[in-house]
Each structure stands twice: as C-alpha cells, then as structure tokens.
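The values are calculated or read from the model by the stated rules, or taken from the named source; none is laboratory data. Nothing here was measured: the structure is a model prediction, and the numbers come from that model. Don't worry about glycine lacking a Cβ; one is built from the backbone with ideal geometry, like all the others, and counts go over all protein chains shown.
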Amino acid sequence: MKPAKFEYLRAESIDQVVQALDQGDGETIVLAGGQTLMPMLAMRLARPAMVVDINHVAELSGVEILNEVEGDGELVIMACTRQAEALASPLIQEHAPLLSKAIAFVGHRQTRNRGTVGGSLAHADPASEIPLAALALDAWVSLRSVAGTRRLPLADYFHGPMMTARAENEILLSLHIPRAPGTRGAGFHEVSERRGDFAVVAAAAVIGVDERGVCDHAALAIGGADGRPRRIGAVEDKLRGQRLDSVAIAGQLSEIGAALAPGADQHAGAAYRLRVARVLAERALLEALAEAGP
Amino acid sequence: MNNFDIRATINDVPHRASVEPRLSLLDFLRDDIGLGGTHMGCEHGVCGACSVLLDGVPIRACLMLAVQADGCRITTVEGLCNDDGTPGLLQDAFIEAHGMQCGYCTPGMLISAQALLAENDEPTLAEIKDAIGGNLCRCTGYVQIIESIQLAARRLREAAR
C-alpha cells in the first residue's frame, strides 16, 4: 500500500505542465487534488515515472464569467479549482445551480477540500456527479498540449469508464458552461449506499419554461447506468414544447431504458439500475420544473 | 530519486525535513515527525482515520504527499490538546460522553469535529452528521460521538458567554 518510486515536479505554469507531459512518453501523470490518484498510486494501479503537481499553478484555479455580451458568455471553471471552492462559489450557484447541487453529493469535507473539478472530469468515473451535471449543462472542456488548445463538447469527451478523449500529452485545462437564462430550474438526485459515497445511479435535469408556461429547454442525464454519463435525448425531445406537470413528465420516461446499458456489480444489478434511473429522472425533472419560471 | 526539502508548521512548531516524493503526509507525520496520534486506517482515502487540518481545513493525510505540505500549516490530533498537554475541550467532551470505543477512528473524528466547531458552535444534528460523514467508526459508536460533539459545542457556547 505504498506507491512505487516516481520523480516529482512541482509545476509553476501551464507551459511547464504540458512540456513535462509531452516529454513524458505516457509515463507522466498530473497530480491535482489527489483524491483518486493517490489511492491508485498506493495500490500501484498507477506507476508513473513522473508526477507533475499542478497545485501551485495559480492560473489553473478559479471561477469566472468570460465573453460576457448581453447576458451571453460562459462560466469558466479552471481545472484545479477545489470542489469545496466550487461548492461555495456564488458564480456557480447563480449561473450553474445544477453543478452546485451535484457537488454537494461529491465525497466528504475532507475530500472536497482537496479534490478538484478537473480531477473528476479527467478521471471520468461513470457514476461521478460533476461529469454528469456538466454533461446536462451542455458544457465543454478545454484540453491543452504543447501543440495548442482544443475545445470538446462533453458529449464527445467521455468515451467509457475512466476513458476520455484526452490524449496522454494533454492536460484538462478548464470546464466551460454556456450561460443560460436565469429562469431555468435544476434538479439532481442520486442513490448511494451512504451520503458521499459513489452514486449507484444519479440523475441530473435542467428545465426551462417560457412565458406561456411551455417547456423551451429540457436536459436529462443519467450516471451510473452505463459506461459513461448519458444524455437521454428521446425524453428531452418529448418534454420540449409541452406544458409540463408531474403527469406529463411521468408519461415521457418510458424510453430511458433504451438509452442506457447498465452493468451489474456488487452494489446493484442492471435491472435495479434501470428502475432507479427512471425514478431518479422523474425526481430530478420535477425538482427542475418546480424551480423553472417564465 | 531526488529528495525534496520541505518546511511545514506542525502543531505550531516549525519543521524542516528532506522527503522522498512518494512519502505520504500520513507516513511523514507518523514516522518522520513521530506524531502517532494520526491513525493509519485504510491508506486509500475511505476511512478518515488519518484526517488532519491543512491550513485550517480537514483533509486526509493519506491522500497527500509530504512534499505537497511544503509551506503549509498542519494540525494533528496532538495539536488539539491544551498548552500543558492535558486534553482540550473537545477531547474532554469525547472522554466524558464516551465518544469512543476502540479509539481507532477517534483522531479523525476529533479533527472533523474541530473543523466543524471552529466555524459553527451551534451545529444541528444534520450538520454534525455531515461533518463526520467522511469518518468511519467500525465499532459503530456514532451516537455517542455525536453526543460528544454536541457536549463540546455546548461548552464552547458557555465559554463564549
């Protein structure tokens, strides 16, 4: 339960990080909050030659609004922003309340004080909350290598359990959430063995309602019921354009199962996960609807 | 493999040390500094027995490298004592309300409770449960742990009056 030997670099700039990754030949790994990497090192599931510590790269931390033009723009969360900071951030509470609700379910105080937003996205556990909420918010990630920066929508970023589009020589730089009208509501529900544990299944929803009371935006995402977080487009399409209430929502959830391919493990079987996904989706959508206003 | 020189203030005492990169903060505190109060439980971030305060906030010492503690201020359970070495207010409450059975989780519970009470001396039951949510007690003596924290909170409020 002790890590194998590795070289250590305390990076001071993003350039230094990407150079180290570029020269690392796949044997270099980024250390952010360490809440996943440290156990992997201790159990020797990860045996990097070099660990690049990004905790002192000031430009990798912080939350801001960018490209603000008449209410548009995006909320940018830098990768090494602590989950505890993100949870307390008034900017995130105002512009991405779904993410605030999701982070409240992430781990415990001790882990949120170190764990980072980017770390959750880079690790890409199929049941983790931050990737799920970000996917429901139509977010993007920025990835940087020595060759430059590219942006990817999260729909293209998650490939499978702990697998993403990030190349070995890239660092996940930041999460970008498009600013949405303040009238949208957000809902997040999950089932876990204990509060703070990994979700068995989780559901995230965003609902927008226009001045006539008709749904003009619907996002529903399910985690823990497939190899990666999944948007349920078939349900979203049916909700949009409707006057929503609890009956209308309950009536449109039958197609959730078709979009998911849950696995079975010691926590739950596939049939249970599908059943719970539907119940949690309904709760998340109702919570979002209750918050949405014209 | 290069060692790194670090400086850290541990329980208000400045320390300098040379550490191997792979050394965890937990092993550093126990083996190099000789502070055995911080317990080693699961060593992979599940049990919370190794909780310490890093610059005032609770973290898990097994999930941080010693080299990362360079320039930091760390409080271990030993740092919760009074200046004369007798148990501090919170520790006293744990003794009085029987907030421990085997004692293995106790240092982590104390650290989590200390962090809670530092910002909130009138915590609700839900807030206490949330604060110690990351600490496992396998004796399952949670009720008395919670009562200990409630007793400490009451005494803190009385002392503040």
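Tabulated data for the structure shown
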item: Every pair of residues 6+ apart whose Cβ atoms lie under 9 Å, when the first sits in segment B:93-117 and is in contact (Cβ under 8 Å) with a residue 24 or more places away in the chain while the second is acidic (Asp, Glu); result: B:Ala93/B:Glu147; B:Ala97/B:Glu147; B:His98/B:Glu147; B:Gly99/B:Glu147; B:Pro107/B:Glu78; B:Leu116/B:Glu127; B:Leu116/B:Asp130
item: Those residues of segment B:57-88 which are outside any loop (DSSP other than H, G, I, E, B) and among the small types (Gly, Ala, Ser), in sequence order; result: B:Ala61, B:Ala66, B:Ala69, B:Gly79
item: Unique match (being surrounded by 24 or more Cβ atoms within 10 Å (Cβ to Cβ) and not aromatic (Phe, Trp, Tyr)) among A:Glu190, A:Glu168; result: A:Glu190
item: Enumeration of residues in segment A:27-46 that are of a type outside the set (A, V, I, L, M, F, W, C), within 22 Å of A:Ser145 (Cα to Cα) and over 20 Å from the mean Cα position of the chain (by Cα); result: A:Glu27, A:Thr28
item: Identity of the residue in segment B:74-92, without any contact (Cβ under 8 Å) to a residue 60 or more places away in the chain and among the β-branched types (Val, Ile, Thr), that ends up surrounded by the most Cβ atoms within 10 Å (Cβ to Cβ); result: B:Val77
item: A:Pro126 being of a type outside the set (A, V, I, L, M) and either surrounded by fewer than 18 Cβ atoms within 10 Å (Cβ to Cβ) or touching a helix residue (DSSP H, G or I) at 6+ places or on another chain (Cβ under 6 Å) (or both); result: no
item: Filtered residues of segment A:35-55 (kept if assigned to a loop (DSSP other than H, G, I, E, B) and at the interface with chain B (Cβ under 9 Å from one of its Cβ atoms)); result: A:Gln35, A:Thr36, A:Met43, A:Asn55
item: Criterion: surrounded by fewer than 14 Cβ atoms within 10 Å (Cβ to Cβ) and of a type outside the set (Val, Ile, Thr) - qualifying residue of A:Gly251, A:Gly263, A:Gly223, A:Gly227; result: A:Gly251
item: Members of segment A:18-34 found to be aliphatic (A, V, I, L, M) and more than 9 Å from chain B (Cβ to nearest Cβ), listed by number; result: A:Val18, A:Ala20, A:Leu21, A:Ile29, A:Val30, A:Ala32
item: Top-ranked residue of segment A:81-121 - restricted to ones that are more than 13 Å from every other protein chain (Cβ to nearest Cβ) and assigned to a loop (DSSP other than H, G, I, E, B), ranked as farthest from A:Val52 (Cα to Cα); result: A:Ala96
item: Test: residue in segment A:33-40 that is surrounded by fewer than 17 Cβ atoms within 10 Å (Cβ to Cβ) and either at negative phi or not assigned by TED's automatic domain parsing to the domain that holds A:Ile103 (or both); result: no
item: Filter result for A:Gly160 (free of Cβ contacts under 8 Å to residues at least 12 places away in the same chain and among the small types (Gly, Ala, Ser)); result: no
item: Wholly enclosed strands (runs of 3 or more DSSP E) of segment B:1-56 bearing at least 2 residues more than 13 Å from the chain's Cα centre (by Cα) and more than 21 Å from A:Gln35 (Cβ to Cβ); result: B:4-10, B:13-19
